[in-house]
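Working notes, structure below.
The values are calculated or read from the model by the stated rules, or taken from the named source; none is laboratory data. Quantities reported herein were computed from a predicted structural model and do not represent experimental measurements. Neighbour counts run over all protein chains shown; Cβ positions are idealised from the backbone, glycine included.
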Amino acid sequence: MNTSTHPLITFIGGGNMASAIIGGLVRQGHPTSALQVVEPWDEQRAKLAQQFPGMTVLPAASADLQPSDLVVWAVKPQTFKEAALAAGPFLGQALHLSVAAGITSESMAGWLQTQRIVRAMPNTPALVGLGMTGLMARAAVSDADRALVERVVRTTGELVWVNVESDLDAVTAISGSGPAYVFYFLEAMRDAGAKMGLAPEVAQQLAIGTFLGAATLAQRSSDPLQTLRERVTSKGGTTYAAITSMESVGVKTKFEEALFAAQKRAEELGREFGK
């Protein structure tokens, strides 16, 4: 275990999520010399080396890897097992943090031969430091381990811990996949605004500003979401007309069904790629 101020952190996979975490760490003073990445794609490896000078960037796991305090698994679910079996022998007694959707900690424990595993479900706003990450730790993870994981994850935004691993499938459905739902509604608002005669870029600016403002208001207010909505919805007014239209075709019910579909798929990923 590294006893210096800066733990040695290894990333298996150097894509967008890994880059977001690395960028956050570096901005907070973590030296690139205490970071190493295994990234098989030549183009992405070159990009990482240019973006983070001094960081070790390897094409494959090997004896060249230094003993790590923490290993961040930022690989796709379908390649996790292969990556774990290839890298595991070179990672020693590290703490492991996975950001792969669906893959259970039980599967990881078998592949990596360790119980010190934390699962995380981040989301893409982590790329701008406004992520929301759900975390779950196995019983063998110590308080010090949790503190290290929090230190790393907080570089990308906020976090919440859940106690039951299956709850991460719900986290995946709500916040992991959630940015896509927001973009979907933003597209609809932009397109509707354009059909009403606004320039598309104006409609988009209005839509994004509205989502940002409403989310910030909800975050800062102690009032329930329903109360905040009702304050904007005067009976017989414009908002009432819009909400009534959505309710008449079951938008809320259909949206809830969509989230359950995402949760189910997260469960399926664990069974499909966790064997």
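Just one residue in the set V160, V153, V182 is farther than 20 Å from G24 by Cα, in contact (Cβ under 8 Å) with a residue 12 or more places away in the chain and of a type outside the set (S, T, Y); that residue is V182. Every residue in the range 110-134 that is out of contact with any Gly (no Cβ under 8 Å at 6 or more places or on another chain) and touching a residue at least 12 places away in the same chain (Cβ under 8 Å), please. Selection gives T114, Q115, R116, I117, V118, R119, L127.
Kindly check whether there is at least one residue in the range 74-87 that is over 22 Å from the mean Cα position of the chain (by Cα), at negative phi and surrounded by 14 or more Cβ atoms within 10 Å (Cβ to Cβ). Yes, that holds for at least one residue. Scanning the range 132-161 for residues that are outside any helix (DSSP H, G or I) and among the charged types (D, E, K, R), which turns out surrounded by the fewest Cβ atoms within 10 Å (Cβ to Cβ)? Filtering first and then ranking leaves E158. Looking at the structure I just gave you, is E272 in a helix (DSSP H, G or I) and farther than 30 Å from E106 by Cα? Answer is no for this residue. Here G236 meets each of (1) in contact with a helix residue (DSSP H, G or I) (Cβ under 9 Å, 6 or more places away or on another chain); (2) small (G, A, S); (3) farther than 24 Å from V118 by Cα with one exception, condition (1). Remark: pairs (first residue in the range 220-238, over 17 Å from K252 (Cα atoms); second residue surrounded by 12 or more Cβ atoms within 10 Å (Cβ to Cβ); Cβ separation under 7 Å; 6+ apart in sequence or on different chains) = S221/L228; V232/T239; S234/Y240. T210 meets the conditions (1) among the polar types (S, T, N, Q); (2) in contact with a Leu (Cβ under 7 Å, 6 or more places away or on another chain); (3) in the same structural domain as E257 (by TED's automatic domain parsing) in every case but one. The failed one is (2). With respect to the stated conditions, G24 is crowded, with 17+ Cβ neighbours inside 10 Å and at pLDDT below 95. Does S107 satisfy the condition of being outside any helix (DSSP H, G or I) and either touching a residue at least 40 places away in the same chain (Cβ under 8 Å) or of a type in the set (S, T, Y) (or both)? In short, no.
So, T172, is that one surrounded by 12 or more Cβ atoms within 10 Å (Cβ to Cβ), in contact with a helix residue (DSSP H, G or I) (Cβ under 6 Å, 6 or more places away or on another chain) and β-branched (V, I, T) or not? Criteria met by T172.
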